[in-house]
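A.B. asks: Here it is: the structure, laid out below.
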Amino acid sequence: MELSTDQKKALDTLMGWSKKMGENQFLTLGGYAGTGKTTLISVYRKKIREENKKIRVAFASFTGKATRVLRGKLAEMETVYKEDSIGTIHSLIYSPIVDTKKNIVGWKKKDEIEADLIVIDEGSMVDGTIWGDLVSYGLPIVVVGDHGQLPPIRGDFNLMERPMVKLEKIHRQAEKNPIIKVSMLAREEGKIPFEKFGNGVEKMNKREMDCQERVEELLGNFTTDLLVLCGYNNTRVKLNKFIREGMQFESAEPTVNDRVICLRNNHKVGIYNGMLGIIEGLKSKDDQWFKAEIKMDGEQDSYEGLILKSQFNSQEAMNFSKNRYLTIKGDLFDFGYALTVHKAQGSQAKRVVLFEERFSQMDENMWRRWLYTAVTRAEEELFIVG
């Protein structure tokens, strides 16, 4: 693998840190989309194996879906070794608590991790609680993420705020990708012109006659390969309603086969803010709660628990409302067909439809981060409505 100049420099820093792991427990690596973060990590894995064939690396990402993507990229570069593990952060550091019927009733922190080095992908998604648990094992940790993205929506903890090592040079091959080209415009200029950038990558003007028809067509073919993004919560609620009506859902309340998003971390049951899933079972428990079974994207075990009825179609997360005391009995989910960009930070999809919406209080830097984060959720197709 041919490395660019900044990748070689970053690799030298990583190798130097590896030789002195006892001095600094962790190193953060930030890289924009198209800079080759995974390529660098793959080369780094090969290099440290050449020096020590017994070293065990635990690769971990936030969700099951992200873990599968990471596994695929490492396999493509032939850096998946039998002594390594690749899984979610949750499965790495927590073990299940089971009852007499072998049902999982909770999770507890593991006493130790069978690894010599931890590599965390999507580092911007890691919150303070999980980070505290990770560093408590005393193992060296490399954290990889995109420092161009939005910071976490709440709280001051942000591993990617000031990465120790940065990759900022876009590869020539990546520059040919129209989504990378649009992401560079978003990050550097904060403006994306109305044009077709490539097959399935374009920005449309909502004032033009055929735009609404195109949008209705795109939203009318909803699958889990589609991510619909916007800025305002009231737009999100309207879009969720429109998409559900097009899918022939008769009730305004959630039902089996509905797409949902988790709105609050619950470390005990292994669900996190932004995770998406499909309702497999749903019963009304009382006036406030549903008893739900939800198959979370990319996760092995389904979620089972109580979810708050009044959260659905609400324009705010109920744990931040004046009635937040009601939320302590269970978990918070909402319809997950359309998401705000902040909620979509850990997600990606083959096709993204983005409604450009800028808050009045957003400064230029925050707007560019918002736009860049939104654009980089797309894997193959991107349709921007501006």
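A.B. asks: Quick one: give the max-minus-min coordinate of the C-alpha atoms of the chain along each principal axis, largest first, in Å.
C.D. replies: Each principal axis gives a Cα extent; for the chain these are 61, 60, 35 Å.
A.B. asks: Now for a different question. Return the distance in nm (one decimal) between the two label points of a simple spin-label model at Asn313 and Lys176, each offset 7 Å from Cα along Cα→Cβ.
C.D. replies: Modelled inter-label distance: 4.9 nm.
A.B. asks: Skip the ligands, DNA and RNA, and give the accessible area per residue of the range 5-167 with a 1.4 Å probe, whole Å².
C.D. replies: Working: 8000 Å² over 163 residues.
Using a 1.4 Å probe on heavy atoms only, each residue of the range 5-167 averages 49 Å².
A.B. asks: Using a 1.4 Å probe on the protein heavy atoms, what percent of the accessible area of the range 21-171 belongs to carbon and sulfur? The partial results should precede the final answer.
C.D. replies: Details: 3490 of 7320 Å².
The value for the range 21-171 is 48 percent carbon and sulfur by accessible area.
A.B. asks: As an exercise, use a Förster radius of 56 Å and the Cβ-Cβ distance of Lys109 and Cys211 to find the FRET efficiency, rounded to the nearest 0.05.
C.D. replies: Details: r = 51 Å, r/R0 = 0.91.
In this case the efficiency is close to 0.65.
A.B. asks: Could I ask something else about it? List residues of the range 274-304, by number, whose backbone nitrogen lies under 14 Å from a label position 7 Å along Cα→C-beta of Lys329.
C.D. replies: Label zone hits: 284-292.
A.B. asks: Work from the charge dipole of the range 274-386 (Cβ charges, +1 for Lys and Arg, -1 for Asp and Glu, about the Cα centre) and give the residue of Leu382, Tyr325, Gly336 farthest towards its positive end.
C.D. replies: Among Leu382, Tyr325, Gly336, the one farthest towards the positive end of the dipole of the range 274-386 is Tyr325.
A.B. asks: Continuing with the same structure: Spin-label point model (7 Å from Cα, Cβ direction): what's the Asp287 to Asn24 distance in nm?
C.D. replies: It works out to 5.7 nm between the two label points.
A.B. asks: A further question follows. How much net charge surrounds Leu263 when only other residues with a Cβ under 9 Å from its Cβ are counted (Lys, Arg +1; Asp, Glu -1)?
C.D. replies: Numbers: positive: Arg264, Lys343; negative: Asp331, Asp334.
Overall, the nearby charge balance is 0.
A.B. asks: Follow-up question, since we're still on this one. What residue among Thr28, Ile120, Ile130 has its Cα farthest toward the positive end of the dipole of the range 5-167, where the charges are +1 on Lys, Arg and -1 on Asp, Glu, each on the Cβ?
C.D. replies: Farthest towards the positive pole: Ile120.
A.B. asks: Restricting to Cα pairs below 8 Å that are 6+ residues apart, what does the relative contact order work out to for the range 174-219? Please round to a whole percent. Working shown, then result.
C.D. replies: Numbers: 25 pairs, mean separation 10.2, N = 46.
Once normalised by length, the contact order is 22 percent.
A.B. asks: Please express the shape of the range 203-312 as an equivalent ellipsoid: the semi-axes are the square roots of 5 times the eigenvalues of the C-alpha gyration tensor, given largest first in whole angstrom. Could you put the intermediate results ahead of the total?
C.D. replies: Working: eigenvalues 164, 48, 34 Å².
Output for the range 203-312: semi-axes of 29, 15, 13 Å.
A.B. asks: If I compute solvent accessible area with a 1.4 Å probe over the protein chains, what percent of it on the range 220-328 is carbon and sulfur? Present the calculation step by step, with values, prior to reporting the outcome.
C.D. replies: Numbers: 2650 of 5740 Å².
Using a 1.4 Å probe with all protein chains present, the range 220-328 comes out at 46 percent carbon and sulfur.
A.B. asks: Still on this structure: Return the distance in nm (one decimal) between the two label points of a simple spin-label model at Asn266 and Leu306, each offset 7 Å from Cα along Cα→Cβ.
C.D. replies: My value for the distance between the label points is 1.0 nm.
A.B. asks: Follow-up question, since we're still on this one. Determine, from the Cβ-Cβ distance of Lys295 and Thr5 and an R0 of 45 Å, the FRET efficiency 1/(1 + (r/R0)^6), rounded to the nearest 0.05. Please report the intermediate quantities before stating the final value.
C.D. replies: Values: r = 45 Å, r/R0 = 1.00.
Working from the Cβ atoms, E equals 0.50.
A.B. asks: If you wrap a convex hull around the C-alpha atoms of the range 178-385 and split its volume per residue, what is the figure in Å³?
C.D. replies: Taking the convex hull of the Cα positions in the range 178-385, it is 128 Å³ per residue.
A.B. asks: Here is the link list: Lys203/Lys350; Lys46/Lys166; Lys19/Lys73. Which ones come out longer than 22 Å on Cα distance?
C.D. replies: Values: Lys203/Lys350 17 Å; Lys46/Lys166 20 Å; Lys19/Lys73 26 Å.
Distance filter (> 22 Å) returns Lys19/Lys73.
A.B. asks: Let me ask another. I need the phi-derived Karplus couplings for the range 81-96: 6.51 cos²θ - 1.76 cosθ + 1.60, θ = phi - 60°, integer Hz, Gly and Pro marked x.
C.D. replies: These are the phi-based 3J(HN,Hα) values: 10, 4, 7, 8, 10, 9, x, 7, 4, 4, 5, 6, 10, 10, 10, x Hz.
A.B. asks: Let me confirm the definition first: pairs of Lys residues in the range 243-309, 8 or more apart or on different chains, C-alpha distance under 12 Å. How many are there? Present the calculation step by step, with values, prior to reporting the outcome.
C.D. replies: Working: Lys283/Lys291; Lys283/Lys309; Lys285/Lys309; Lys291/Lys309.
Lysine pairs satisfying the spacing and distance rule in the range 243-309 number 4.
A.B. asks: Ignoring everything but the protein chains, give the 1.4 Å probe accessible area of Arg358 in square angstrom, nearest 10.
C.D. replies: My reading of the accessible area for Arg358 is about 100 Å².
A.B. asks: So which residue, out of Gln311, Gln212, Gln173, gets the largest mean-square fluctuation from a GNM of the chain using Cα contacts under 10 Å as springs?
C.D. replies: Looking only at Gln311, Gln212, Gln173, the largest GNM fluctuation is found for Gln173.
A.B. asks: Over the range 229-319, give the accessible area per residue in Å² for a 1.4 Å probe, as an integer. Intermediate results must be reported in sequence, preceding the final value.
C.D. replies: Numbers: 4510 Å² over 91 residues.
About 50 Å² of surface per residue is accessible.
A.B. asks: May I pose another question? For the chain, what is the mean residue ellipticity at 222 nm derived from helices alone (per DSSP H run of n ≥ 4: -39500 (n - 2.57); sum divided by total residues; nearest 500 deg cm²/dmol)?
C.D. replies: Numbers: 10 runs with 109 residues, N = 386.
After summing the helix terms and dividing by residue count, I get -8500 deg cm²/dmol.
A.B. asks: Collect residues whose amide H, placed 1.01 Å from N in the peptide plane, falls under 5 Å from the amide H of Thr340; neighbours closer than 5 in sequence don't count.
C.D. replies: Those qualifying (amide H under 5 Å, at least 5 residues apart or on another chain) are Cys230.
The values are calculated or read from the model by the stated rules, or taken from the named source; none is laboratory data. Just so you know, these numbers come straight off a predicted model, no measurement behind them. Quick reminder, even Gly has a Cβ in these numbers, built from the backbone with ideal geometry, and neighbours come from all protein chains shown. Side chains are part of the model used for accessible areas, which takes the heavy atoms of the whole protein and leaves out ligands, DNA and RNA. Shrake-Rupley method; radii C 1.70, N 1.55, O 1.52, S 1.80 Å.
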